[in-house]
Amino acid sequence: MPLTVSLSNPPAAPQPLGPYSQVARVELDGGGALLYLSGQIGAGADITEQSEDVFATLTALLGAHGATLDDIINIRTFLTDMDDLPGYAAVRRAHLTGTPPTSTTVAVPRLFRPEARIEVEVVAAVR
């Protein structure tokens, strides 16, 4: 069976800041799908506000495809300052309460918006 991929910007979620798709849905043989979400940045003055906004956007994007934060199997986080890690980690722990997904966190010199301190992208498995 050929692989079916659909790209979308769900209308119920915040719209992208540029010409890209926020979600790639890959249908799996036997049912279910993998969701690949583009990196999301958040609004706010500090890492806690930005992290909360990121998780709100991730929740909306996943929800548009019948998934929740509990369906995340991989998370990649980009921070412009590793001193922000404790603040981000506290928000993350509040939102990802089950078995932790696989994870990568890296420091980057900057993100595409100068005020952005964090960007998060995820992969989720939908049953």
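Every number here is computed from the coordinates shown, using simple stated rules; none is lab data. Because the structure is a prediction, the values reported are computed rather than measured. All Cβ positions, glycine included, derive from the backbone under ideal geometry; neighbour counts span all protein chains shown.
Remarks
- Here each label is just a point 7 Å from Cα along the line to Cβ, and for R113 and T68 those points are 2.8 nm apart.
- C-alpha center-to-center spacing [segment 46-98, segment 1-34] in angstrom: 19
- To the nearest ten degrees, helix 85-95 and the longest principal axis of the Cα atoms of the chain are 40 degrees apart.
- Taking segment 4-126 and dividing mean pair separation by its residue count, relative contact order in percent (alpha carbons under 8 Å, at least six apart): 31
- The chymotrypsin sites (Phe, Trp or Tyr not before Pro) of segment 27-120 meeting both criteria, a DSSP state outside H, G, I, E and B (loop) and at most 16 other C-beta atoms within 10 angstrom of the site's C-beta, are F112.
- The angle between the Cα long axis of helix 47-63 and the longest principal axis of the Cα atoms of the chain comes to about 10 degrees, rounded to the nearest 10.
- Shape class for the chain, computed from the alpha carbon gyration tensor (a ≥ b ≥ c): prolate, with a/c not under 1.5 and a/b above b/c.
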